[in-house]
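The values are calculated or read from the model by the stated rules, or taken from the named source; none is laboratory data. All values derive from a computational prediction rather than experimental measurement. So basically every Cβ, Gly included, is an ideal-geometry build from the backbone, and we count neighbours across all protein chains shown.
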Amino acid sequence: MHGGGGSGPGGVKRARIEIIPLIDVVFFLLATFVLFTLSLNKTDGVTVLLPAVETSVIRDTAGTVTISVTDEGALAWNKDLITLDEFLQRLQQFRRDNPDGRILINGDERAFFAQAIYVFDEARKAGFTKVFIETRTK
């Protein structure tokens, strides 16, 4: 007598876990995670909504300080909210400690353009030649 085509007792099929599609899914998730983490902007500034551009490039943050301009116009030195006087003092101190240091400006896309230009201008007056404006990729 034929048992109905099944391989198990009484003609019942056993469940099998197919490993090949599982490996494909795991590799897809791994690749997605890696690409996502590479696209993150790793700066030390406060959280702001950066302007989106098509030519954004990830920068090395070694030897840099991040100055953030929030949408309310407040300034932050890395993660510390500071006043204009503190900004000028810290800028001069950073110049003394790091004569070849770089400045990253994190300006919220809703911030006043004049605030970001003020930070840019003061950094150049302090003698910094490497001043960058941070953006995100569209």
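Please work out if residue 90 is out of contact with any Asp or Glu (no Cβ under 7 Å at 6 or more places or on another chain) and farther than 18 Å from residue 80 by Cβ. So residue 90 fails the test. Scanning region 120-138 for residues that are of a type in the set (Ser, Thr, Tyr) and at pLDDT 75 or above returns a single hit, 129.
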